[in-house]
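A quick write-up on the structure given underneath.
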Amino acid sequence: MADHTITLLIVDDHPVVRDGLRGMFATEPGFEVLGEASGGTEGVERAMRLDPDVVLMDLRMPDGGGVDAIRELTRRGARAEVLVLTTYDTDSDTLPAIEAGATGYLLKDAPREELFTAVRAAADGRTVLSPAVATRLVSAVRSPSAPGGPGGETLSAREREVLRLVARGTSNRRIAAELFISEATVKTHLTHVFAKLGVGDRAAAVAAGYERGILGRAEPAP
């Protein structure tokens, strides 16, 4: 693809995100943004009409979710490769997207050079996974029966990492630094942890983590 301009379609429900991505690719040689869409349904129609090399697809959007859009593009035999670009990296997001036919999965806090490299790889038909997502997928395959919450939901590998750091008294900012993710992503993970464990705050989450064996056994107080 070295001598080929890679064409893109950006599908995201946030205008600021679409504008930012368009601006980024406009400054980098070898890319051309053919269009944008604010939801999955619109994204499918524009992808079929514009025939881009790569579709940058968000997952959670009011007008049709990303997974359904990926599945529909696959069903219609679209030529475009789909690279998921989202804030969410939970098992309930990553696995369905990849099973639906996504070529890659990248988080929105990825550096711009990593995004450019990922788009080039996706356009070439190569699978692209952010390190965090790759780790989670391996963990999901190896330990599908890890302890979960009241409804049987499993904490993902990254959620367990975050919970372990919370149990050590680590702040959100420090967790973000240690895991090389944004604070917003840390908060998203904690929201999912709270929901899966059926708790409302960090202390209760840690207590539930020990009770259910997610964090091992609590150490006795000195």
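Add +1 for every Lys or Arg and -1 for every Asp or Glu among the other residues with Cβ under 9 Å from the Cβ of Leu165, and state the total.
Values: positive: Arg164, Arg168, Arg174; negative: Glu161, Glu178.
Every neighbour counted, the sum reads +1.
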Quickly estimate the mean residue ellipticity at 222 nm for the chain, helices only: each DSSP H run with n ≥ 4 gives -39500 (n - 2.57), and the total goes over all residues, rounded to 500.
-> -15500 deg cm²/dmol
For region 6-135, fraction of C-alpha pairs farther apart than 19 Å, in % = 39 percent
Answer with one residue from Thr90, Asn172, Met57: the one whose Cα lies farthest towards the positive end of the charge dipole of the chain, charges on Cβ with Lys, Arg +1 and Asp, Glu -1.
-> Asn172
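Just how large is the dipole of the chain about the Cα centre, in debye to the nearest 20, putting +1 at every Lys and Arg Cβ and -1 at every Asp and Glu Cβ?
Working: 26 positive and 32 negative charges, 167 e Å.
Here the chain has a charge dipole of around 800 debye.
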Measure off 7 Å from each Cα along the Cα-to-Cβ vector at Ser182 and Glu113, then give the distance between these two points in nanometres to one decimal.
-> 2.0 nm
Can you give the angle from 0 to 90° between the axis of helix 40-50 and the longest principal axis of the chain, with both taken from C-alpha atoms, to the nearest 10?
-> 30 degrees
Potential lengthening between Glu28 and Arg75 on full extension [0.36 nm per residue; Cα-Cα distance subtracted] = 13.7 nm
Just how far, in whole angstrom, is region 107-126 from region 26-45 if you go by their alpha carbon centroids?
-> 14 Å
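Just how many % of Cα pairs in the chain lie over 32 Å apart, if you round to the nearest whole percent? Intermediate values should be presented prior to the final figure.
Numbers: 5977 of 24531 pairs.
Summing the P(r) of the chain above 32 Å gives 24 percent of all pairs.
Laboratory data are not the source of any read-out in this text; all were calculated from the coordinates shown. All figures in this text were calculated on a predicted structure; none of them were measured in a lab. Backbone-built Cβ (ideal geometry, glycine too); neighbour counts: all protein chains shown.
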